[in-house]
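This report refers to the structure that appears directly beneath it.
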Amino acid sequence: MPEATLIALTGPTASGKTAAALALAARWPVEIISVDSALVYRGMDLGTAKPSAPELASVTHHLIDIRDPLQPYSAADFRRDALRLIEEIRARGRRPLLVGGTMLYLKALMDGLDDMPPATPAVRELIAQEAAARGWPALHAELTQVDPATAARLPPGDAQRIARALEVWRVTGRTLSSFHQQASKQDSLPIALISLEPGDRAWLHERIVVRFDQMLAQGLLEEVWALMQRSDLHPDLPAMRCVGYRQCWQALQAVNAGTGGKPPTLSPAQFQALRSSGIAATRQLAKRQITWLRSMAHRQVVACDAPDAQDRVLARVLALWGPA
């Protein structure tokens, strides 16, 4: 029997990817490969909307809880792990299903990655000094002039990625985006991309509000506070810069009354400011994801705000995979 088409189920945050993936798993013999740069971290459950224990138990998931928040995980790491898992899952007679919204991971898997220059500590330190003097938005503006493609997908406060892009430019004279664009064709991997995207952006915005409120009610502040108690974690780590975690860390740090025990209590005004900043950051993330998706002309779009969205996804997969 020929290998089934490799399918990726993607879309912006809060578009219903997890529910749709579980519906597919109930019909076909799949194993899910997470395509999410936040779900790799242990101890970060609520703010990442990690699948629940029953959901994780209902179908085999991969690339979830594989790193401590102190450990980095790159697009190259993801590509290597995903390619290995695809082969292993198929060898078991099952079907790999890629699920998630980290677009850089998807692009790395589909198009390959050219050899990146190694880190240059002296240049990175100089960039950090410039940021301390001028601010990251100013360096983001500089990046816009030399590498507009990379700058367009990065928020002005994304210190880690702005620094890396400027470092690559200063060391090689080439843009970071050019390294992605020039990945060799032999590394490309054909993937059928099913994208859950809202017809009405207001529908997604409301979903984001409801979900962030649920995260707060379920104990997101307590989760972040527990991470803050670790002496080896700091807010500039990639894990701690995830949407929601960064905003909670900043809010708790501003009212830090010591360590241990329960997190300090936020005033109503402080809590509302946290809520607003977390929702705004999540909406910005969704906007960037949608912008990136629209550049992928081969994707098959399913309106995630349609009442029968899951049925539409099932129909698309049925056309690609046939009956279970």
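The values are calculated or read from the model by the stated rules, or taken from the named source; none is laboratory data. Since this is a predicted model, take the numbers as computed values, not measurements. Here the Cβ is made from the backbone with ideal geometry for all residues, glycine too, and neighbour counts use every protein chain on show.
Residues that are acidic (Asp, Glu), more than 14 Å from the chain's Cα centre (by Cα) and not assigned by TED's automatic domain parsing to the domain that holds ASP232 number at least 3 in the following helices (runs of 4 or more DSSP H) confined to the range 1-96: 75-91. Here the range 152-196 is the region considered, the condition is being of a type in the set (Asp, Glu) and at pLDDT 85 or above, and the residue that is farthest from SER37 (Cα to Cα) is GLU167.
Do you know which of the residues in the range 266-295 that are hydrophobic (A, V, I, L, M, F, W, C) and surrounded by fewer than 15 Cβ atoms within 10 Å (Cβ to Cβ) is farthest from ASP158 (Cα to Cα)? It comes out as ALA269. Among the criteria (1) under 18 Å from ASP115 (Cβ atoms); (2) modelled with pLDDT of 90 or more, the one GLU142 does not fulfil is (1). Taking into account only those residues within the range 134-182 that are among the polar types (S, T, N, Q) and either buried (at least 18 other Cβ atoms within 10 Å of the Cβ) or out of contact with any helix residue (DSSP H, G or I) (no Cβ under 9 Å at 6 or more places or on another chain) (or both), which is farthest from ALA108 (Cα to Cα)? Per the criteria, the residue is THR175. For the range 92-123, filtered to residues that are over 30 Å from ALA286 (Cβ atoms) and touching a helix residue (DSSP H, G or I) at 6+ places or on another chain (Cβ under 6 Å), the residue that is modelled with the highest pLDDT is VAL123. Can you confirm whether ALA286 is among the small types (Gly, Ala, Ser) and touching a helix residue (DSSP H, G or I) at 6+ places or on another chain (Cβ under 9 Å)? Here the answer is yes, as ALA286 does meet what is asked. Per the listing LEU166, LEU113, LEU98, the residue uniquely in contact with a His (Cβ under 9 Å, 6 or more places away or on another chain) and of a type in the set (A, V, I, L, M, F, W, C) is LEU113.
The criterion of at least 1 residues that are without any contact (Cβ under 8 Å) to a residue 12 or more places away in the chain is met, among helices (runs of 4 or more DSSP H) falling completely within the range 189-269, by 201-218. Within the range 127-163, the set of residues being under 18 Å from the mean Cα position of the chain (by Cα) and assigned to a helix (DSSP H, G or I) comprises THR150, ALA151, ALA152, ALA159, GLN160, ARG161, ILE162.
Among the residues of the range 291-324, those that are in contact with a helix residue (DSSP H, G or I) (Cβ under 8 Å, 6 or more places away or on another chain), farther than 15 Å from LYS107 by Cβ and not polar (S, T, N, Q) comprise VAL302, ALA303, CYS304, ASP305, ALA306, ALA309, VAL313, LEU314, VAL317. Taken together, the residues in the range 296-311 that are at pLDDT 95 or above and surrounded by fewer than 18 Cβ atoms within 10 Å (Cβ to Cβ) amount to 7.
Restricting attention to the range 23-37 and to residues that are crowded, with 19+ Cβ neighbours inside 10 Å and aliphatic (A, V, I, L, M), the residue that is nearest to ARG316 (Cα to Cα) turns out to be LEU24. Only one of the numbered conditions (1) closer than 20 Å to ARG174 by Cα; (2) crowded, with 18+ Cβ neighbours inside 10 Å; (3) in contact (Cβ under 8 Å) with a residue 24 or more places away in the chain is violated by ALA131, and that is (1). Each residue in the range 285-312 was checked for being more than 21 Å from the chain's Cα centre (by Cα), touching a residue at least 40 places away in the same chain (Cβ under 8 Å) and not in a loop (DSSP other than H, G, I, E, B), and 2 pass.
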